[in-house]
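The values are calculated or read from the model by the stated rules, or taken from the named source; none is laboratory data. Predicted model only: the values in this text are computed from it and were never measured. Cβ placement follows ideal geometry from the backbone for every residue including glycine, while neighbour counts extend to all protein chains displayed.
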Amino acid sequence: MQAQTSILVKDGQDAGDEFGTAVSLSGNGQVMAVGAPYNSSGTYSNGQVRVYDKQSGFQLGPPINGASFERSGSTISLSQNGYRIAIGAIGSVRVYDFSGSDWIQVGNTLNGYQEGDFFGNAVSLSADGTRLAVGAEGSDSSAGEVRIFDLNGNTWSQVGSPIKGNPNSSLGYSVSLSTDGTTVAIGVPLEALEGG
């Protein structure tokens, strides 16, 4: 087991921003992203993500802020090299690339079908960052679903039909894509077991 190498302590943030609610490491282990969904540095509970470089020890670019009441940074996923990040919020997902000095949105914002489906409660990028899985555990009266998207040009396009859960099973509570994006693991925490 590898020894602990560092402890990250936030500076200048509100005590209640819940910094560390979500974390993600790049596949090469050189970049770390940390979500603070209740950060209100922009507007109330807009949420924020900060990204850090292991080698330099510095933050990469400015914080990535969400919109008011969005709680952006509830879930996050980095690509293999750490220079692409998917950020989940309440009902939406955005993907950003690091330009060397700033985080620039890639493609369109992805939105859920309706309020309360919790689209974006789980996100996962493939290693190259061109495929994205998004969970929506509250969809269809908490049956839940997962949608897969590919980046085509500058547009995220859905691949196939949504993967849907059984009634009240909360499918999509968690998701994880394989490095090549061809296999997805999906958490279904409330799936009824056979025989009760």
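List of remarks:
- Conditions (1) farther than 16 Å from VAL93 by Cβ; (2) in a strand (DSSP E or B); number of the one not met by LEU151: (1)
- Within the range 131-165, restricting attention to residues that are under 14 Å from the mean Cα position of the chain (by Cα) and of a type outside the set (D, E, K, R), the residue that is nearest to LEU78 (Cα to Cα) is LEU132.
- Condition met for ALA136 (among the hydrophobic types (A, V, I, L, M, F, W, C), under 30 Å from ASN166 (Cα atoms) and in contact (Cβ under 8 Å) with a residue 12 or more places away in the chain): yes
- Criterion: touching a Pro at 6+ places or on another chain (Cβ under 7 Å), surrounded by fewer than 24 Cβ atoms within 10 Å (Cβ to Cβ) and modelled with pLDDT of 95 or more - qualifying residue of ASP97, ASP102: ASP102
- Within the range 101-126, the set of residues being outside any loop (DSSP other than H, G, I, E, B), farther than 24 Å from GLN59 by Cβ and touching a residue at least 40 places away in the same chain (Cβ under 8 Å) comprises LEU110, ASN121, ALA122.
- Options GLY82, GLY73, GLY47; residue that is touching a Lys or Arg at 6+ places or on another chain (Cβ under 6 Å) and either buried (at least 24 other Cβ atoms within 10 Å of the Cβ) or charged (D, E, K, R) (or both): GLY47
- Restricting attention to the range 127-137, the residues that are surrounded by 24 or more Cβ atoms within 10 Å (Cβ to Cβ) and assigned to a loop (DSSP other than H, G, I, E, B) add up to 1.
- Checking the range 173-191 against the condition returns a match, with at least one residue being surrounded by 21 or more Cβ atoms within 10 Å (Cβ to Cβ), of a type outside the set (Val, Ile, Thr) and not in a helix (DSSP H, G or I).
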